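Reading through the structure tokens given below for one structure.
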Amino acid sequence: MRGVFSILFLCSTLLSVAQSEFFIADFTSKDSSKVKAGVWVEQSFNSNVINNSVLFNVALKNGPTYQSMQNMKPRLTNSNSAGYIGTERLFASFDINNNKDSVITNGWVSVYTDRQVSARFGEDALRLIAFGNRELAGEKAMIDNLSLLLQQTTHLQFGYTIEKNQSVLGIAPSLVIGNKYLNLESEGGFLYTSPIGDSLYAEAAGYMSQSDTSSLLVFDPNGVGAALSFFYTVNFDLFKKNEYQGKLTAEVNNLGFVVWNKNTLTYHIDGNYAWGGFKAPNLFDLNDSIIDLQRPNDVQTSFIDRIEFGTRNQILPFTLSLRYQEQYNEKVFLTFFLQQRFFSQALPFLGMNQEIRMNKTEKKTAVMLNFFESVGGYNLIGLGTGISVINKQIGLRLGTRNLIGLTNPEYFSGFNVHLGFQYKFY
Amino acid sequence: MFKGLKSIFLVVCLLILIGSCKKRKEGWNIDALIPVIDSKLDLQHIFEDDLVKADENQLLNLVYENEILNLKLADDFQIPDTTITQDNPGPSFNLVWDKKNPLISDTNESKFEITNANLTEARIASGKIKFKVSSTITEPTIITYNLSSAFKDGKQLIITKNAPAGSPSNPAIIEDEIDLSGYLLDLRGKDKNDYNTISYYFTVRFADELLPDTTYIYNQDDVVSIVNSFEAIQPEFVKGVFLTTTEKPDESASDFDAFSQITSGSLEVKKASFAFNFENYIGVDLQGQVNALTAINTKTGKSQKLTGDFLTQSLNLSRAKEDYSLYQIPIIPGTAEYKLDESNSNITDFIQLMPDQVNYDLDFTLNPLGNISGGNDFLFADYGIKAFLNMRIPLNIKANNLQLVDTVDFDLGEADEGTELIEGGYMRVHAENYYPFEAKIQIYTLNAQGVIIDSLMESNSVIDAGIPVNGKVVSPTKSVVSAPINPAKTDLLYQAERAIVKLTFNTVESDFQDIYSYYTSKVDVVGDVKYRLIIK
């Protein structure tokens, strides 16, 4: 029975999910299949302030409503964040050496895209963009706490695991192709609107880098790099009173870099601009020629200190995870994990998953109901659910880590949907 | 043209035209405050150029100078069309004439029938002499006509013509026309002691003194007739003795456009002054009489006669002097000024009518004392008697719904992409006003047929008055007027081809208010709009 449970457990783990990452430790396999092939798709968004209604309408170019925008106001803090992670992955894993001595090895190959948007912004910056400068009249709207990273990369990953004495070590180098890149960092700045709106003054400092602007296709290669993922799993038993053994895994994902090519454009921003309207010594002197002479055509040049073309090195946002998994009883499988994504605006993420078998264990096909709870990341609390269907041949998983955001998109944030499919060859 | 009102309209149109508000799905609306115009509004610029000026106490005055009379008397000193005919018949007997001698040689005079003057000299601007000679002399002759009174560039007018042989039944006819422009006519006659008189010298000689014979049988059948016609003689300058006459201008009304932009309402003034300035460009003494001066407001139909000492006085104007060292006009006019103010006339009533026309009844007597110049009276045709009405009104006023109106043309052209993203809101006109009167603004747009299709400003858009302290406004009053923007109004704006701009002024205090030159109204125009922000 335990073995059956273990097999089922191991079959399912390939499709386990954490915050929105695909743990490479899940490639470890101890079933009798020779090859597993599958696909994994996941899209996640969260923010402490941007609600789902605004997100969906902006993404679909419908235009968020005035009320949707206003609903964000009570949630604004001095420092806010928003993040998006999207991935589409094809994978195939295979046994290399099994049942020989006490060493088990397997490998895998995986091709996947990794899309990330990570933003940090102050209260004033969001108020300016979302609501306009009218409500900030008479104040300096600070835009110094502003950071934005948009990045898409394509990875070709090769992995190798070795298990000995129930400890597993895995390593997976990747070739990284950089597709799209935009990075904006503010080093200071503000917009001042006078109380009646008769004058504007702006200062800005920072930089903005962007990959080849003439590149039109989404998967155009505009950079190249490398990354390394690795993990180590050991036995650890948290729930000692049950008959099952837990496992503790430490994993690092996507530790690497991309060198964006020489067509990468960087604007160095350091300037100011003042605008008080078209000026005439007397209202009756105002005419077309005065208006043409004073048109504010030089706003951009006032802020840009210099423009550079050239390669740019970017460290990839990588994650560090610590995960504990244990079959709690014959029907319940538990996962706890702590994850931190570096070089992003995400806070530490603490998650718990429960996979509960809904049908009898004697059945060859397991139907699992999954529950997800989380704290941190780009928002505070996440609650989700999903379903898995797994048998000897096929594994299917569908779910969302964030139901709250879908129940009331006008007020709540957070969106996650994941879909996984796997087929085993014996 | 009321350029002030036109500019106000351009300002508002500039602001409102950006509200071409096609609904866009993408993006979202933000509330934006956008500075549009930073400027000032001065009373000096509302009225026509230089109509408002500051005096030494910094008080503004409405200063208006209007020429109400430009009386030229050249028509009264015309040289009338005159035809002089002279027949020269031969003797009643056969006279053997030596052809070496002129057959006829005669000096004659003729007097022009010029009324009102005994002219001794006239410089001709235009006109002609038509000259016709008929001859029955049976041999070719040379006819010489010398108008010894006429000189041009120092040369006398001499015409020499060859006449063919004629006969009593078929006389030889010679005709010619001479342009007299530029000629100086000496009208003193041949002995230089007459007036209005020209003299001329006429000779007939044989063309061939030898053939067919050296002599000619000259008798009564040989008649040479000469006809001189002076036609359309227009003098440029005349001199002589101008007889004592009384002249009355043909025109009796003059436009008065100081208040042309004011269409309604009332204006009360405490003080006003008129100065009547006369300039006499004629070389005669003049005595004038203003019999009546009436202000007329043709819009209201009201009129007001001016009363005052001025109207019972004889106005004496000294004669002009010739001075050919002067560059443009060789005349030093005689001048006189007569002043009226609120103490010696009903000038304030006259002004408060806000006339657009002044009717006058004037007489001028030339040389009231007769010939005291010794025959040196003169007149240039283009110059006569001018009268100016110079008005100065210190702007110490009360205004009651005083309305200034002007109509302006405009063409907004096509809306650009940026303006289409503005979906509503207002254009706010923030005013800081020193002037001690409030101003209500409204702008009406008209379509091609001249029908009013929209009003731009909110109703009761009023710029508040400055509050005087001890007669002076030291701190401006702040107020805001607004022009709403929405898709419907913007569509109407693009349909409009003209606009009527109306400003209505009211002083808010019960006393008369001084208007100082430092008073101004600072104007900041701000777009307070809903803008569709689209991030691409």
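Annotations for the structure displayed:
- Residue match in the range B:437-452 (condition: touching a residue at least 24 places away in the same chain (Cβ under 8 Å), farther than 21 Å from B:Ala399 by Cβ, away from chain A (no Cβ under 14 Å) and touching a Phe, Trp or Tyr at 6+ places or on another chain (Cβ under 7 Å)): yes
- Taken over the range A:44-59, the criterion of being within 9 Å of chain B (Cβ to nearest Cβ) and either buried (at least 23 other Cβ atoms within 10 Å of the Cβ) or hydrophobic (A, V, I, L, M, F, W, C) (or both) is satisfied by A:Val54, A:Val58.
- When residues of the range B:274-309 are limited to those that are among the hydrophobic types (A, V, I, L, M, F, W, C) and under 15 Å from B:Pro249 (Cβ atoms), the one surrounded by the fewest Cβ atoms within 10 Å (Cβ to Cβ): B:Ala292
- The numbered conditions (1) farther than 30 Å from B:Asp106 by Cα; (2) loosely packed, with under 15 Cβ neighbours inside 10 Å are all true for B:Gln220 except (1).
- Those strands (runs of 3 or more DSSP E) of the range A:328-426 in which at least 3 residues are in contact with a Ser or Thr (Cβ under 8 Å, 6 or more places away or on another chain) and hydrophobic (A, V, I, L, M, F, W, C), considering only elements entirely within it, cover A:332-341, A:349-357, A:366-376, A:381-390, A:415-425.
- Residues that are part of a loop (DSSP other than H, G, I, E, B) and over 38 Å from the mean Cα position of the chain (by Cα), drawn from the range B:182-211: B:Gly189, B:Lys190, B:Asp191, B:Lys192, B:Asn193, B:Asp194, B:Ala207, B:Asp208, B:Glu209, B:Leu210, B:Leu211
Residues are listed down the side, and each one gets a yes or a no for (1) within 19 Å of A:Gly414 (Cβ to Cβ); (2) in contact with a Phe, Trp or Tyr (Cβ under 7 Å, 6 or more places away or on another chain); (3) polar (S, T, N, Q); (4) buried (at least 22 other Cβ atoms within 10 Å of the Cβ):
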position: A:Gln339; (1), (2), (3), (4): yes, yes, yes, yes
position: A:Phe342; (1), (2), (3), (4): no, yes, no, no
position: A:Ala346; (1), (2), (3), (4): yes, yes, no, yes
position: A:Val367; (1), (2), (3), (4): no, no, no, no
position: A:Phe372; (1), (2), (3), (4): yes, no, no, yes
position: A:Val375; (1), (2), (3), (4): yes, no, no, no
position: A:Leu380; (1), (2), (3), (4): yes, no, no, no
position: A:Leu396; (1), (2), (3), (4): no, yes, no, no
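- Filter pass, A:Thr311 being more than 22 Å from A:Gly246 (Cα to Cα), modelled with pLDDT of 90 or more and within 22 Å of the chain's Cα centre (by Cα): no
- Only one of the listed residues (A:Val49, A:Val39) is touching a Leu at 6+ places or on another chain (Cβ under 6 Å), at pLDDT 90 or above and either within 28 Å of A:Leu248 (Cα to Cα) or of a type outside the set (A, V, I, L, M) (or both). That residue is A:Val39.
- Scanning the range B:314-325 for residues that are under 22 Å from B:Ala387 (Cβ atoms) and not charged (D, E, K, R) turns up B:Ser314, B:Leu315, B:Asn316, B:Leu317, B:Ser318, B:Ala320.
- Here the strands (runs of 3 or more DSSP E) wholly within the range A:124-207 that include at least 2 residues being more than 14 Å from chain B (Cβ to nearest Cβ) and of a type in the set (A, V, I, L, M, F, W, C) are A:146-164, A:167-193.
- Boolean, A:Glu355 is modelled with pLDDT of 90 or more and surrounded by fewer than 23 Cβ atoms within 10 Å (Cβ to Cβ): no
- Residues (of a type in the set (A, V, I, L, M, F, W, C) and in a strand (DSSP E or B)) located in the range B:430-455: B:Ala431, B:Phe437, B:Ala439, B:Ile441, B:Ile443, B:Leu446, B:Ile452, B:Ile453
- Only one entry in A:Ser81, A:Ser93, A:Ser174, A:Ser118 is within 22 Å of A:Gly225 (Cα to Cα), modelled with pLDDT under 95, among the hydroxyl-bearing types (Ser, Thr, Tyr) and crowded, with 18+ Cβ neighbours inside 10 Å, namely A:Ser118.
- Residue in the range A:269-280 that is buried (at least 17 other Cβ atoms within 10 Å of the Cβ), within 14 Å of chain B (Cβ to nearest Cβ) and without any contact (Cβ under 8 Å) to a residue 12 or more places away in the chain present: yes
- With respect to the conditions (1) within 40 Å of the chain's Cα centre (by Cα); (2) surrounded by 17 or more Cβ atoms within 10 Å (Cβ to Cβ); (3) within 19 Å of B:Glu177 (Cβ to Cβ), B:Ser229 falls short on a single one, namely (2).
- Set A:Asp305, A:Asp288: member being surrounded by fewer than 20 Cβ atoms within 10 Å (Cβ to Cβ), modelled with pLDDT under 95 and under 23 Å from B:Ile37 (Cβ atoms): A:Asp288
- Within the range B:394-429, the residues that satisfy the criterion of being outside any strand (DSSP E or B) and modelled with pLDDT under 80 are B:Phe410, B:Asp411, B:Leu412, B:Gly413, B:Glu414, B:Ala415, B:Asp416, B:Glu417, B:Gly418, B:Thr419, B:Glu420, B:Leu421.
- Test result for B:Glu175, at pLDDT 90 or above, outside any strand (DSSP E or B), of a type outside the set (Ser, Thr, Tyr) and over 20 Å from B:Glu113 (Cβ atoms): no
- Taking the range A:208-226 as the range and being farther than 20 Å from A:Phe121 by Cβ and either in a strand (DSSP E or B) or of a type in the set (D, E, K, R) (or both) as the test, the residues that pass are A:Asp212, A:Asp220, A:Gly223, A:Val224, A:Gly225, A:Ala226.
- If you go through the range B:20-62 and keep only what is assigned to a strand (DSSP E or B), at pLDDT below 90, farther than 22 Å from B:Val523 by Cα and facing chain A (nearest Cβ under 7 Å), you end up with B:Trp28, B:Asn29.
- Residue count for the range A:30-69, restricted to those that are among the aliphatic types (A, V, I, L, M) and part of a loop (DSSP other than H, G, I, E, B): 3.
Residue by residue, here is whether (1) touching a Ser or Thr at 6+ places or on another chain (Cβ under 6 Å); (2) surrounded by 18 or more Cβ atoms within 10 Å (Cβ to Cβ) holds:
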| residue | (1), (2) |
| --- | --- |
| B:Leu311 | no, no |
| B:Ile331 | no, yes |
| B:Gly334 | yes, yes |
| B:Ser343 | no, no |
| B:Asn346 | yes, no |
| B:Met354 | no, yes |
| B:Asp377 | no, yes |
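- Under the condition of being part of a strand (DSSP E or B), surrounded by 19 or more Cβ atoms within 10 Å (Cβ to Cβ) and either modelled with pLDDT under 90 or of a type outside the set (A, V, I, L, M, F, W, C) (or both), the residues counted in the range B:517-530 number 7.
- Just so you know, in the range B:481-516 the residues that are assigned to a loop (DSSP other than H, G, I, E, B) and at pLDDT below 80 include one that is surrounded by the most Cβ atoms within 10 Å (Cβ to Cβ), and it is B:Glu509.
The values are calculated or read from the model by the stated rules, or taken from the named source; none is laboratory data. Remember, it's a predicted structure, so these values are computed and weren't measured experimentally. Note that we place each Cβ from the backbone using ideal geometry, even for glycine, and neighbour counts take in every protein chain shown.
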